[in-house]
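I have placed the structure first, in the form of structure tokens, so that the comments after it can refer back to it.
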2 protein chains.
Amino acid sequence: MPSIGYLGPPGTFSEEALQANLADRFSALVPYPTVTQVLLAVQAGEVDSGIVPIENSIEGSVNATIDTLTFETDLLIEAELVHPVSHRLVARPGVRPEQLTAIVSHPQATAQCRRYLNEHFPGVTIIAANSTAEAAQIVSGSDEPEGALATELAAKLYGLDVLERDVEDYEYNMTRFIVAGRTAQPRTGTDKTTLICFIQENRPGSLLEILTELASRSINLTKIESRPTKKVLGEYYFFIDIEGHQDDDDVAAALAALAGILRELKLLGSYPAVEVP
Amino acid sequence: MPSIGYLGPPGTFSEEALQANLADRFSALVPYPTVTQVLLAVQAGEVDSGIVPIENSIEGSVNATIDTLTFETDLLIEAELVHPVSHRLVARPGVRPEQLTAIVSHPQATAQCRRYLNEHFPGVTIIAANSTAEAAQIVSGSDEPEGALATELAAKLYGLDVLERDVEDYEYNMTRFIVAGRTAQPRTGTDKTTLICFIQENRPGSLLEILTELASRSINLTKIESRPTKKVLGEYYFFIDIEGHQDDDDVAAALAALAGILRELKLLGSYPAVEVP
């Protein structure tokens, strides 16, 4: 069975999503410290595939995922999956909420729980960690009564108790993950295709031209993200998801038309679309 | 003279940008712990204006800025400015690079210096901080020989030495900041206007319609960002910068047309455009 890399350390939302959806398809689950390193490990052949978050319903796109797929690898998207994000306030067994002297988490997690923290822990120090799992790890090894915002899985892995569930400010909080690898996926009838469009020059009509090629063939756009080209401030490329498989006639025709008008069209392949809860 | 809030603690890139460009226009510079809190302080009238980063040439948009302006305030953009981002590796006086046991910084700064850190400090622990200025503060108070990635200003403020300059992986690294407040700006002839578009429903043609209203009047789009509505994964609103002032005839006509087709059009006002270096 093949191996898969994920954003570690063990206990991250990426591992939780992997365990809940795909773990039985892989013989080895290998943690990497960053999203970029997961994808570079697949590119280098260290693992067969990698699972990385690409988009969250609150925070939006995961820039490191999009930029690495665009600039640093030539991988395909093999699958997508959607997993709920729910933060737990966790601490060492016996520690009560009113004792907490500090709360540790990734800045994105503390941002997602900002209102909760302001209301319940107004004076408590917020300490940053490189991931929610690292936060759990830090708290489990600390002599102080500290809390972490982390996953249920991380609480279990690091021997912590859950003090409170669902402490995020927005109730609906979903993350979409992709599995990146080298295997092109066959047509299923409900597919998505991801394309990266570098326009000829930054002029008013460029994005309009791209959208016209899609709309004129009744191809639905499910995501569009503008990202900096990293060359000049205000110069963008577009990361686009469309409905359909690149073997579908209308999609193939749109892709051919786009290749003709763009400076570069990079295809990340077609893969089965999952329904968003 | 009016007061202005900025993302603190003292020594952040926001303060550096403010000091370099606008400090003489304000009587009081007030630090806040997050971008959101800067904007909410302006909304609440605690300060007259606030300066916040909105876009970086490597990382792209600052989501907290865009989402707070969209969902939590009714402020106007009064000005924009562009400031170079350059990370310094700093440490307490006398500490040499080869002694460093850990390097502290905000996860975004460590991401921007990933190649440099891999090459020069492969085994060194990376510790997260809530800002580059907090990283400098931590290192200045530590007994260990630790380094921080921070600004020149932070090194000065916290009594640290600069071990190396310009350690970021991409040489061109610019951040665009905006000043948010309550004062509408008059037409100068080289202006920008920022609009937030909530579409009627998530259907293929919506974004195309918006762009057509602009392009048909030869209005240049300088930025477009899709952001999640925070309701359902895959539902977006659009944050758009266009060239021109809302008092210009063609811009006024386009805005009237957009108001007719959108679920909601929120205007963040018009302000003088600065040239991007």
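The values are calculated or read from the model by the stated rules, or taken from the named source; none is laboratory data. As the structure is a prediction and not an experimental result, all values here were calculated from the model. Positions of Cβ are generated from backbone atoms using ideal geometry, with glycine treated the same way; all protein chains shown enter the neighbour counts.
One residue is enough: does segment B:107-126 have a residue meeting the conditions in a loop (DSSP other than H, G, I, E, B) and under 12 Å from the mean Cα position of the chain (by Cα)? Within segment B:107-126 (the criterion being in a loop (DSSP other than H, G, I, E, B) and under 12 Å from the mean Cα position of the chain (by Cα)), the answer is no, since none of the residues qualifies. Only a single criterion out of (1) free of Cβ contacts under 8 Å to residues at least 60 places away in the same chain; (2) within 14 Å of chain B (Cβ to nearest Cβ); (3) over 20 Å from A:Asp166 (Cα atoms) is not satisfied by A:Thr70, namely (1). Contact annotation: residue pairs with Cβ atoms under 7 Å, 6 or more positions apart or on different chains, pairing a residue in segment A:19-44 that is over 20 Å from A:His83 (Cα atoms) with a partner that is buried (at least 20 other Cβ atoms within 10 Å of the Cβ) and of a type in the set (Phe, Trp, Tyr), are A:Ala41/A:Tyr32. If you check B:Gly50, B:Gly5 for being in a strand (DSSP E or B) and farther than 20 Å from B:Leu157 by Cα, only one passes: B:Gly50. Could you grab me the full set of residues in segment B:232-254 that are buried (at least 20 other Cβ atoms within 10 Å of the Cβ) and assigned to a helix (DSSP H, G or I)? Matches in segment B:232-254: B:Val251, B:Ala254. If you go through segment A:255-268, how many residues are more than 22 Å from the chain's Cα centre (by Cα) and either part of a strand (DSSP E or B) or of a type in the set (S, T, N, Q) (or both)? So the count comes out to 2.
Of all residues in segment B:117-149, exactly one satisfies the criterion of being within 19 Å of B:Glu59 (Cα to Cα) and at pLDDT 95 or above, namely B:Leu149. Checked against the criterion of being part of a strand (DSSP E or B), surrounded by fewer than 22 Cβ atoms within 10 Å (Cβ to Cβ) and touching a residue at least 12 places away in the same chain (Cβ under 8 Å), the candidates A:Glu55, A:Glu80 yield just one match: A:Glu80. When B:Ser57, B:Ser105, B:Ser61 are checked against the criterion of being at pLDDT below 95, under 29 Å from B:Gly159 (Cβ atoms) and not hydrophobic (A, V, I, L, M, F, W, C), B:Ser105 stands alone in meeting it. Can you find a residue in segment B:87-94 that is in contact with a strand residue (DSSP E or B) (Cβ under 9 Å, 6 or more places away or on another chain) and at pLDDT below 90? No.
Here B:Gln37 clears all of (1) more than 13 Å from chain A (Cβ to nearest Cβ); (2) part of a helix (DSSP H, G or I) except the condition numbered (1).
B:Tyr271 satisfies every condition listed in (1) surrounded by 20 or more Cβ atoms within 10 Å (Cβ to Cβ); (2) more than 10 Å from chain A (Cβ to nearest Cβ); (3) in a helix (DSSP H, G or I) except (3). Only one of the listed residues (B:Leu214, B:Leu221) is crowded, with 20+ Cβ neighbours inside 10 Å, within 27 Å of the chain's Cα centre (by Cα), among the aliphatic types (A, V, I, L, M) and modelled with pLDDT under 90. That residue is B:Leu221. Among the residues making up segment B:220-239, those that are among the β-branched types (Val, Ile, Thr) and either more than 26 Å from B:Tyr271 (Cβ to Cβ) or at the interface with another protein chain (Cβ under 7 Å from one of its Cβ atoms) (or both) are B:Thr222, B:Ile224, B:Val232.
Inside segment A:154-172, residues that are of a type in the set (Asp, Glu) and out of contact with any strand residue (DSSP E or B) (no Cβ under 9 Å at 6 or more places or on another chain) make up a count of 2. Of all residues in segment A:84-98, count the ones that are more than 16 Å from A:Leu117 (Cβ to Cβ) and either charged (D, E, K, R) or not in a loop (DSSP other than H, G, I, E, B) (or both). Adding up the residues that qualify gives 3. Within segment A:109-133, the set of residues being of a type outside the set (Ser, Thr, Tyr) and within 12 Å of another protein chain (Cβ to nearest Cβ) comprises A:Ala109, A:Ala111, A:Gln112, A:Arg114, A:Arg115, A:Leu117, A:Asn118, A:Ile126, A:Ile127, A:Ala128, A:Ala129, A:Asn130. Among the residues here, B:Ala79 does not qualify as out of contact with any strand residue (DSSP E or B) (no Cβ under 6 Å at 6 or more places or on another chain), more than 10 Å from chain A (Cβ to nearest Cβ), hydrophobic (A, V, I, L, M, F, W, C) and within 30 Å of B:Ile196 (Cα to Cα). For segment B:170-181, residues that are within 14 Å of chain A (Cβ to nearest Cβ) and under 15 Å from B:Leu69 (Cβ atoms) total 3. Each residue in segment A:96-108 was checked for being of a type in the set (Val, Ile, Thr) and within 10 Å of chain B (Cβ to nearest Cβ), and 1 of them qualify. Filtering segment A:140-152 to residues that are more than 10 Å from A:Arg88 (Cα to Cα) and outside any strand (DSSP E or B) leaves A:Ser140, A:Gly141, A:Ser142, A:Asp143, A:Glu144, A:Pro145. Pairing each residue of segment B:182-198 that is farther than 20 Å from B:Ile66 by Cβ with any residue that is surrounded by fewer than 16 Cβ atoms within 10 Å (Cβ to Cβ), provided the two are 6+ apart or on different chains, yields C-beta distances under 8 Å for B:Arg187/B:Asp247. Scanning for something within 14 Å of chain B (Cβ to nearest Cβ), surrounded by 18 or more Cβ atoms within 10 Å (Cβ to Cβ), at pLDDT 95 or above and assigned to a helix (DSSP H, G or I), does segment A:11-33 turn up at least one residue? Checked against the condition, which is being within 14 Å of chain B (Cβ to nearest Cβ), surrounded by 18 or more Cβ atoms within 10 Å (Cβ to Cβ), at pLDDT 95 or above and assigned to a helix (DSSP H, G or I), segment A:11-33 yields no hits at all. Restricting segment B:168-188 to residues that are modelled with pLDDT of 95 or more and in a loop (DSSP other than H, G, I, E, B) leaves a set whose member that is surrounded by the most Cβ atoms within 10 Å (Cβ to Cβ) is B:Gln185.
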